[in-house]
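One structure below.
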Amino acid sequence: MPLTEGEFEQYQRDGYVVVEDCLDGETVERVTTRIDEYVRNEREESEFQRMLEPEADPAVGGFEDADPVRKFEGLGMVRADDIFADLVEDDAIVEIVRELQGPNLKLLRSAAMLKPPCVGSEKKCHQDAAYYPIHPMDHVTVWIALDQSTTENGCMQVVPGAHADGLLDHEAIEYETDITLDEDDYGPEDTVALPMEPGDVLFQHCLLPHYTAPNETDDWRRAFIASYMRSRSRFTDENPPAWVDSEHIVGESFPGCV
Ligand SMILES: O=C(O)CCC(=O)C(=O)O
């Protein structure tokens with residue numbers, strides 16, 4: 001089994017597990033280099049979108065040859081880019097998700113999540129499931145550290161075990177693609193920071209509340225997210241949101257499913 005018994009149990013109990021050294025240095029380097037090419041505009045993202053840090057002025061603060069990109073995301077992320085496509089099909093990751101989700105998997109999200117030096121902003125506390133009207137509500141978010149992530153540059157922070165609380169109410173911050181839990185739902189005392197090294201991978205239940213702080217350092221904090229669901233998943237909303245991807249990863253596909 002790709003996870004140890006202890007790791008498997010931790011995922012069930014706490015709603016997450018970090019697998020250290022899950023990806024090798026070459027893979028990390030390939031993905032990081034490719035992200036940098038987009039950030040420095042040496043490569044154009046044809047089928048996905050970029051979002052810049054709202055507070056950042058590209059003309060100030062050392063962004064002469066790079067844009068202060070907060071994220072790259074979109075349905076074309078893995079269709080348009082061979083490096084990202086290989087990453088979401090990486091055996092080490094897919095085998096762990098199969099252990100958690102069963103043999104038939106689809107990808108529902110892929111994104112490069114960046115925190116540029118000094119201006120990288122926080123991502124407020126939320127559950128990923130709130131973005132995706134999908135049954136069963138148990139998809140796995142895989143968060144891949146490409147740089148060392150620390151409490152100073154905005155590593156992942158989670159509320160262990162709170163996936164068992166089910167789906168909580170969220171409110172939109174400025175637009176529907178950025179939502180947050182009520183400030184009172186969980187406090188700092190409920191949260192555990194997960195510093196990670198490049199190549200470490202976090203497997204997170206989609207109901208687990210999580211948060212990342214602003215980047216207060218002079219270096220980038222780069223990560224890649226790939227989320228996987230069972231191929232038998234179904235939309236629970238007649239009008240599913242446009243941002244749900246549905247890319248076959250492994251195993252069988254089923255008619256009428258997402
Ligand atoms: O990488 C980050 O800073 C946070 C990403 C995240 O939580 C999300 O996109 O759901």
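The numbers here are math on the coordinates, done by the rules we state, and not lab data. Quantities reported herein were computed from a predicted structural model and do not represent experimental measurements. A quick note on method: Cβ atoms are made from the backbone with ideal geometry, for glycine too, and the neighbour counts reach across all protein chains shown.
Put in line by how crowded their Cβ is, counting other Cβ atoms within 10 Å and starting with the fewest, D237, D67 read D237, D67.
A Förster distance of 45 Å, applied to the separation of the beta-carbon atoms of R40 and D237, puts the FRET efficiency at 0.70. Residues whose amide H falls under 5 Å from that of L108, counting only those 5 or more places apart or on a different chain, are S227, Y228, M229, with hydrogens built in the peptide plane. Dipole of the range 5-249 computed with +1 at Lys/Arg Cβ and -1 at Asp/Glu Cβ about the Cα centre; of S246, M196, V69, farthest Cα towards the positive end is S246.
Run the dipole for the chain about the Cα centre, Lys and Arg Cβ at +1, Asp and Glu Cβ at -1, nothing else charged, and hand back the magnitude in debye, nearest 20.
Details: 20 positive and 57 negative charges, 161 e Å.
Here the chain has a charge dipole of around 780 debye.
Distance between the C-alpha centers of the range 217-247 and the range 124-164? Whole Å please. Value for the Cα centre distance between the two parts: 11 Å.
Counting alpha carbon pairs within less than 8 Å and at least 6 residues apart, what relative contact order, in whole percent, applies to the range 5-249? Working shown, then result.
Details: 528 pairs, mean separation 77.1, N = 245.
Reported relative contact order: 31 percent.
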